[in-house]
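Since the structure comes first, as structure tokens, the remarks are kept for the end.
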Amino acid sequence: MLWIKFLWLAVGFVVLILGADWLVNGASGLAKRLNVPDLVIGLTVVAFGTSAPELVVNLMAAIEGSSEIALTNILGSNIINVLVILGLSAAIYPIASQRSARRFDIPLSILAGVAVLIMGTECFGLCGDAAIAQISRLDGVILLLVFALFMGHSVKLARCGNNQVDTFKPMPVWKAVLLMVVGIGGLVLGGELIVRNAVDIAAAWGVSQAVIGVTVVALGTSLPELATSAVAAMKKNTDLAIGNVIGSNIFNVFFVLGVSAVIRPLPAYPNLIVDASVAAGCCALVWLFVGQGKQHRVQRWQGGVLLLCYGAYLTWLLLTL
């Protein structure tokens, strides 16, 4: 029965997100016990943890040959991150942006969407058979190299900032290892449940895996960013809200998609051009918003515009099924 598939899909999302949380808690606690600086923990363990749901779902999809879910999960997550999560957060409270985000992070997130568009279309494929539009293994390596440059820039920028009070607390080794093992198990189990049931739902509805991937799967894997950004907005910690969203988009394309393509090339799908263009365009819209005025904020009405844009995109998607 179809409702059972949806139930298992929901269970998969819960297990996936809990697994990511346990893995981050255990890894950060162990790293702190080993005297790893908070800066390194934040830029590696925590940043990886926020993209762990997308990563695991993509790895499962790539291994099982569900390439449409692997690619649309990333594009859909990035679209939801900006238009829904950032839009909702801005509607709650205007979101300020740091100078570094305007000069580097947001432009890089635009480039991420453009990179998928270029690499995944037949006319501009960087490598492989011209008759097969795909994000190839070489494309994946290029994405990972860009990600390495981004991480290097982030570390350099963070070192130039002010030293902060310790954020992470040490944890007994046995507890940290237990959390990490259980967390990894949760990620694997949750990812398997999501991919398997998403494929079955797509088949039962008579729609492509791409449609399920860019909507249902993408929304589920974006739940950690949604929770983090909404809470940050309610607490008026708006730097965290926009940094969380833009950072996640960069991680998703240059790291998660890069790793997925290295494991197995990801063929293009019919709506790739539209989805990648929307992913790049919505980041460009945010860049336009924060570039206006002296406060460099995404205002409440602009958050409403972002939400309306997602509504328009979703309507187009449903009308073209």
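The values are calculated or read from the model by the stated rules, or taken from the named source; none is laboratory data. Keep in mind the model is a prediction, meaning the values are calculated, not measured. Note that each Cβ is placed from the backbone with ideal geometry, even for glycine, and that neighbours are counted across all protein chains shown. Please note that ligands, DNA and RNA were not included when accessible areas were found on the heavy atoms of the full protein model with its side chains. Shrake-Rupley method; radii C 1.70, N 1.55, O 1.52, S 1.80 Å.
Shape analysis of region 196-321 yields a ratio of the Cα radius of gyration to the Kirkwood radius, Rg/Rh, of 0.99. Under a Gaussian network description of the chain, with springs only between Cα atoms under 10 Å, the residue in Leu307, Leu223, Leu178 that fluctuates furthest is Leu178.
For the chain, the membrane-span-like helix rule (DSSP H, alpha carbon extent of at least 24 Å along the helix axis, mean Kyte-Doolittle at least -1.0) picks out 2-33, 47-64, 137-160, 173-205, 272-290, 300-319; this says nothing about an actual membrane. The computed Kirkwood radius over Cα pairs in Å for the structure shown corresponds, within (1) 22.9; (2) 22.0; (3) 19.8, to (3). Put a plus charge on the Cβ of each Lys and Arg, a minus charge on the Cβ of each Asp and Glu, and nothing anywhere else: the dipole of the chain about its Cα centre is then about 1100 debye. Other residues lying with their Cβ under 13 Å from the Cβ of Met171 contribute a combined charge of +4, Lys and Arg counting +1, Asp and Glu -1.
Only one residue of Val57, Gln209, Val36 has its Cα farthest out toward the positive end of the dipole of the chain, where Lys and Arg carry +1 and Asp and Glu -1 on Cβ, and that residue is Val36. Normalising the average separation of contacting C-alpha pairs (under 8 angstrom, six or more residues apart) by the number of residues puts the relative contact order of the chain at 42 percent. Lys5 sits among other residues whose Cβ lies under 15 Å from its own Cβ, and their net charge, with Lys and Arg +1 and Asp and Glu -1, is -1. Annotation: Tyr313 carries an accessible surface of approximately 20 Å², with a 1.4 Å probe and no ligand, DNA or RNA atoms counted. Using a probe radius of 1.4 angstrom, the carbon and sulfur fraction of the accessible surface of region 57-105 is 54%. A Förster radius of 22 Å, combined with the Cβ-Cβ distance separating Leu157 from Lys294, puts the computed FRET efficiency at roughly 0.45. May I ask you to list the residues of region 184-226 whose amide nitrogen lies under 12 Å from a point 7 Å from Cα along the Cα→beta-carbon direction of Trp8? Within reach of a label on Trp8, which here means backbone N under 12 Å from a point 7 Å along Cα→Cβ, region 184-226 contributes 192-201. Solvent-accessible surface of the chain, averaged per residue with a 1.4 angstrom probe and all protein chains in place: 45 square angstrom. Distance from the C-alpha centroid of region 60-97 to that of region 246-321: 7 Å, rounded to the whole angstrom.
For Trp8, the accessible surface of its heavy atoms amounts to roughly 120 Å² (probe 1.4 Å, protein chains only, rounded to the nearest 10). Heavy atoms only, probe 1.4 Å: what % of the accessible area of region 215-306 goes to carbon and sulfur, would you let me know? Result for region 215-306: 67 percent of the exposed heavy-atom area is carbon or sulfur.
Just checking the listed ones, Lys156, Lys294, Lys235: in the Gaussian network model of the chain with Cα springs under 10 Å, the one fluctuating most is Lys294.
Only Lys, Arg, Asp and Glu carry charge here, each on its Cβ (+1 for the first two, -1 for the last two); on that basis region 169-270 has a dipole of about 280 debye about its Cα centre. In terms of the mean number of neighbouring beta-carbon atoms within 10 Å, the peptides 26-35, 71-80 order highest first as 71-80, 26-35.
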